[in-house]
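A short worksheet on the structure shown next.
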Amino acid sequence: MNPLILPGLSKQSVMKTTCNLKLLLIFFALILINTTLPVTAQDDANIFPLDGVWQLRMQGSTTIYNAEVPGVVQLDLQRNKVIPDPYFADYEKKLQWISDTGWVYEKYFELDKQFFGNRNLQLVCEGLDTYAKVFVNDSLVIIADNMFKTWYANIKKHLRIGYNKIRVEFPSITKVNNAFYETLPYKLPGDERVVCRKAAYQFGWDWAPQYVTMGIWRPIYIKYWKYINLLGVRFIQKSLTDSVARMSATFVLNSALADTADFKLFIDSTVFFEGRELLTKGVNAIHIDFDIQHLKRWWPNGLGEPTLYNLGYEVWFAGREEAEGHQKIGLRTVQLIQKLDSIGKSFFLKVNDIPVFIRGANYVPMDNFPSRVTDSMYTALIEDVDAANINMLRVWGGGIYENDSFYELCDEKGIMVWQDFMFANAMIPEDEAFYTSIRDEVIQNIVRLRHHPSIVLWCGNNEIEEGWKNWDWVKDYGYSKEDSARIFRNYLRIFSELMPSAIFRHDTLRPYIRTSPMHGWGNPESRKEGDLHYWGVWWGKEPFEKYNENIGRFVSEYGFQGFPDLTTIKKFTPPTERSLDSDVMKAHQKHPVGFETIDEYMPQYFKVPSDFEDYGYISQLLQARGMKTAIEAHRRAKPYCMGTMFWQMNDSWPAISWSTRDYYGRKKASYYEVKRSYKDFFLQPEIVGDELKVFASVDGKTDEKATLLVILADFDGTVLFKETVNRSFSCSQTEIVLDTNLSTYLEGQDRSRLLLFSQIKNMLGVRANNVIYFVEPKDLKLEKAPIELEYVKTPKGYLLVLSTNKLAKGVYLSTTLRGEFSDNYLDIMPLERKQVFFETDEVVDDIKSMIKIKSLVDVYLEKPDSETEQ
């Protein structure tokens, strides 16, 4: 049924707009005077683009290179073959000179006489990285100091008919930062990067290289208008019920004349409002109220359809279209519930009044050079997120406020977004100009992003408060009591005053928290309230089993590293450097004790191979094992725990890291484990001694009926115990759905050759599977057995059917063909016929010959025991 839209611009609303213009000006003053509403190129057709081919030179040099805008210096130098691929080998340390040098971008462009018929010509720079001076025909028009802001300048008086020149000068970021840092009355945690409003990860992180970029990293253009400059359009959801959404549209615009203007509103291509309003010269605010009836709500992934309404608008003045655009919005409510209970305080989200268990991941920028991330790369990532049954991404605070395409895809797929503001692991300088820049950045990005229904939470920063309280910053930097109080007071000014105030003024649809996490993982309170970053595993070197004891109300960070696929390693290493102790491999492992930590964990669970390729394969199985243990612990604790978000979804460069999907989009074993563990139905069998308990629940709006199947068998497929249970599975809590003693069936059995398979199935098909073993993988008595492969050609690829007469564990499928496996690094039960779809556009005569199959037994049996120690 089509929605019924009932518009109305009431007389009272018009009078209020006109008579209370001074009040409205005060209301919008924070935007209109101190910063400007970001109107992107896609929202306004009245632009003259300046993207494309520019010229680049080093400051003081006459050597000129062709450059691409949007872009950054490092990429332009690579394209001109001045430097090699920054990600290959260990070139990172050899390319640091680039940020120690100043650079200049220049472009000539031509304007005809007709162009000057517009009353206003405004230069818009959506992203200048970071310190920059912009000149138009040698007149300075912009001085920039914030990568995250859009910069504006009225430039009509500086332009001329014919050829014009724009020049953007970027001084050395390193030198500017060092000079600013030296002026501070005391040093701050985070060192020189704290004085720079720039993506923190580009200064290096424990998964990212140090490439401090400079350049015009987002679109640049001239916005022109004759009579009206549309500063912003905001669609506000004032109330929402199942029957009606009460809405309003607010146009904020600057008119060059006092006259009438025509306003139109659309849904898709259907006009539902046309009206004419009298404008005063200067700033105007026009409010239009309307209802959407017979509505469909926006639902998160797994709970329903993420319905979007495409609302368009036009503004006409003197018979000319002055502005047009559109926004896709979703109708939904969201609440963060933090209520006292018998243990502490809850922490969970309700969307459309339904408590949602978060199955999430932490997201970092997709490239250390973010200007080269394309829409197709965003699409591939979000499709992988969706396929992995993930319902939330946390946009981490050491990266960037992402491009519009990212949020639009999340809107379309129902992927909720936890949006950090871009502050991480460092205190903030107490400087008024710096504060003003932060204020503008915060307001601009709230206004740019607020219409996205996917964004369900604002968070002030990542780990700053934890660092202040738990990482000995006060002691290490030798702060006096007065200095310490002053620094933290400045912190509160930004995160407890500025941010919540800006959100209150400019957003109505999502809650805000000051920092993540609330408490450090060493504090017992972190298990009782707020969100938890649990790093006892990895940083604390605790075994995976500690995940079962350290469960918070919402676990927003945890993880373990794994190697990328060997194909990826070959892209950044010469053949002579493919060993664990090579300089290149060390250069792509950014954690100070990363290899040491993997080495320490691996023999606890797996035999350690000496072969480099096998070591990488086992490291992936190890990472997946840790992820599975953590996710099951968190889901088993529902509703005490209502969220699990692993670190991390993706990489910004090819590296050994915590990612489940590497820089090139290749999926690790942990990705497939997340996909299995994040299904709507949660299923976990647990054996303590001879006692079997099966935990289960379903993430949804209602309970669901299904059948539980549990089989105890040996590796040859002999069934020792089988139980079937028909029951309803709860959506509100995880329950024990089967509790039985297996001593009769286990007596006399070799537990190193046993498995327990469990499955939930209903009329929609298999909803969840799980397999557990009685000993660690290193102690399993695996036997070599042929894995048979059959296939059926389909329009989109090949349906593969894998089978074996004995257990095959950790089965890894690989091919040189272009394509994706729907499942991988899987266990195949004896006598099971496992289906895996290989999606590809390539056609071959014999797909079987193109697929390589490897399993854990291949690694264990091919090497003598003496060679499995390292």
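Flag: residue 846 matches the condition of being at pLDDT below 95 and either more than 30 Å from residue 601 (Cβ to Cβ) or open to solvent by less than 40 Å² (accessible area, probe 1.4 Å) (or both).
Residue 525 falls short of the stated requirement of being part of a helix (DSSP H, G or I), touching a residue at least 40 places away in the same chain (Cβ under 8 Å) and under 21 Å from residue 632 (Cβ atoms). Taking residues in the stretch 265-278 that are at positive phi and part of a strand (DSSP E or B), and partners anywhere that are open to solvent by 30 Å² or more (accessible area, probe 1.4 Å) and among the acidic types (Asp, Glu), not one pair has Cβ atoms closer than 6 Å while being at least 6 places apart or on different chains. Any chance the stretch 830-840 includes a residue that's part of a loop (DSSP other than H, G, I, E, B), open to solvent by 50 Å² or more (accessible area, probe 1.4 Å) and farther than 19 Å from residue 668 by Cβ? The answer is yes, given that some residue of the stretch 830-840 is part of a loop (DSSP other than H, G, I, E, B), open to solvent by 50 Å² or more (accessible area, probe 1.4 Å) and farther than 19 Å from residue 668 by Cβ.
Among the residues of the stretch 496-511, count how many are touching a residue at least 40 places away in the same chain (Cβ under 8 Å) and either closer than 21 Å to residue 526 by Cβ or open to solvent by 50 Å² or more (accessible area, probe 1.4 Å) (or both). Here the count works out to 3.
Being assigned to a loop (DSSP other than H, G, I, E, B) and at pLDDT below 95 is the filter here; which residues of the stretch 307-341 pass it? Matches in the stretch 307-341: 318, 319. Within the stretch 341-351, if we keep just the residues that are touching an Asp or Glu at 6+ places or on another chain (Cβ under 9 Å) and not basic (Lys, Arg), the residue that is most open to solvent (accessible area, probe 1.4 Å) turns out to be 343. With respect to (1) in contact with a strand residue (DSSP E or B) (Cβ under 9 Å, 6 or more places away or on another chain); (2) surrounded by fewer than 17 Cβ atoms within 10 Å (Cβ to Cβ), the lone exception for residue 596 is condition (1). Kindly indicate whether any position in the stretch 399-416 is under 30 Å from residue 489 (Cβ atoms) and open to solvent by 10 Å² or more (accessible area, probe 1.4 Å). No.
Only one of the listed residues (133, 149) is surrounded by 13 or more Cβ atoms within 10 Å (Cβ to Cβ) and in contact with a strand residue (DSSP E or B) (Cβ under 6 Å, 6 or more places away or on another chain). That residue is 133.
Pairs meeting the criteria (first residue in the stretch 694-713 and farther than 14 Å from residue 738 by Cα and open to solvent by less than 50 Å² (accessible area, probe 1.4 Å), second residue part of a loop (DSSP other than H, G, I, E, B) and among the basic types (Lys, Arg), beta carbons under 9 Å, at least 6 apart or on different chains) are 699/638; 699/679. Closer than 30 Å to residue 111 by Cβ, assigned to a loop (DSSP other than H, G, I, E, B) and touching a residue at least 12 places away in the same chain (Cβ under 8 Å) - does that describe any residue in the stretch 226-248? Yes: one or more hits. Answer with yes or no whether residue 492 is over 28 Å from residue 184 (Cα atoms), open to solvent by 20 Å² or more (accessible area, probe 1.4 Å) and aliphatic (A, V, I, L, M). Considered against the rule, which asks whether it is over 28 Å from residue 184 (Cα atoms), open to solvent by 20 Å² or more (accessible area, probe 1.4 Å) and aliphatic (A, V, I, L, M), residue 492 comes out as no. If only residues of the stretch 277-305 that are open to solvent by less than 30 Å² (accessible area, probe 1.4 Å) and of a type in the set (Asp, Glu) are counted, the one that is farthest from residue 241 (Cα to Cα) is 277. In the stretch 587-612, the residues that are within 28 Å of residue 857 (Cβ to Cβ) form Cβ pairs under 8 Å with partners that are of a type in the set (Gly, Ala, Ser) and open to solvent by 20 Å² or more (accessible area, probe 1.4 Å), at six or more places apart or across chains, as follows: 612/579.
Residues of the stretch 288-306 that are in a strand (DSSP E or B) and at pLDDT 95 or above: 288, 289, 290, 291, 292, 298, 306. Scanning the stretch 223-251 for residues that are within 31 Å of the chain's Cα centre (by Cα) and either within 30 Å of residue 94 (Cα to Cα) or of a type in the set (Val, Ile, Thr) (or both) turns up 233, 236, 241, 250.
Number of residues in the stretch 386-396 that are outside any loop (DSSP other than H, G, I, E, B) and either open to solvent by 10 Å² or more (accessible area, probe 1.4 Å) or in contact with a helix residue (DSSP H, G or I) (Cβ under 7 Å, 6 or more places away or on another chain) (or both) equals 3. Scanning the stretch 642-664 for residues that are more than 17 Å from residue 557 (Cα to Cα) and open to solvent by less than 10 Å² (accessible area, probe 1.4 Å) turns up 652, 653, 654, 655, 656, 662. Of all residues in the stretch 181-215 being of a type in the set (Phe, Trp, Tyr) and in contact (Cβ under 8 Å) with a residue 60 or more places away in the chain, which is surrounded by the fewest Cβ atoms within 10 Å (Cβ to Cβ)? Result: 186. Among the numbered conditions (1) in contact with a helix residue (DSSP H, G or I) (Cβ under 7 Å, 6 or more places away or on another chain); (2) over 29 Å from residue 568 (Cα atoms); (3) crowded, with 16+ Cβ neighbours inside 10 Å, the only one that residue 781 does not meet is (3).
Please indicate, with yes or no, whether at least one residue in the stretch 254-261 is closer than 30 Å to residue 320 by Cα, out of contact with any Lys or Arg (no Cβ under 8 Å at 6 or more places or on another chain), at pLDDT 95 or above and buried (at least 19 other Cβ atoms within 10 Å of the Cβ). No; the residues of the stretch 254-261 include none that is closer than 30 Å to residue 320 by Cα, out of contact with any Lys or Arg (no Cβ under 8 Å at 6 or more places or on another chain), at pLDDT 95 or above and buried (at least 19 other Cβ atoms within 10 Å of the Cβ). Among the strands (runs of 3 or more DSSP E) confined to the stretch 695-798, the ones with at least 2 residues that are closer than 30 Å to residue 818 by Cβ and more than 34 Å from the chain's Cα centre (by Cα) are located at 788-794.
Restricted to the stretch 614-641, and to residues there that are open to solvent by 10 Å² or more (accessible area, probe 1.4 Å) and not in a helix (DSSP H, G or I), the residue that is nearest to residue 553 (Cα to Cα) is 640. Only strands (runs of 3 or more DSSP E) whose full extent lies in the stretch 26-108 are considered here, and the ones with at least 3 residues that are open to solvent by 30 Å² or more (accessible area, probe 1.4 Å) and either among the hydroxyl-bearing types (Ser, Thr, Tyr) or modelled with pLDDT of 95 or more (or both) are 52-58, 65-69.
Of all residues in the stretch 353-381 being farther than 21 Å from residue 299 by Cβ and part of a loop (DSSP other than H, G, I, E, B), which is most open to solvent (accessible area, probe 1.4 Å)? Per the stated criteria, the residue is 374.
Taken over the stretch 267-276, the criterion of being touching an Asp or Glu at 6+ places or on another chain (Cβ under 8 Å) and either of a type in the set (Asp, Glu) or surrounded by 15 or more Cβ atoms within 10 Å (Cβ to Cβ) (or both) is satisfied by 274, 275.
Looking at 702, 644, just one residue is polar (S, T, N, Q) and over 30 Å from residue 368 (Cα atoms), and that residue is 702.
The values are calculated or read from the model by the stated rules, or taken from the named source; none is laboratory data. The structure displayed is predicted, hence computed values, not measured ones. We place every Cβ from the backbone using ideal geometry, glycine too, and count neighbours over all the protein chains shown. Protein only, heavy atoms only, side chains kept; ligands, DNA and RNA dropped before computing areas. Shrake-Rupley method; radii C 1.70, N 1.55, O 1.52, S 1.80 Å.
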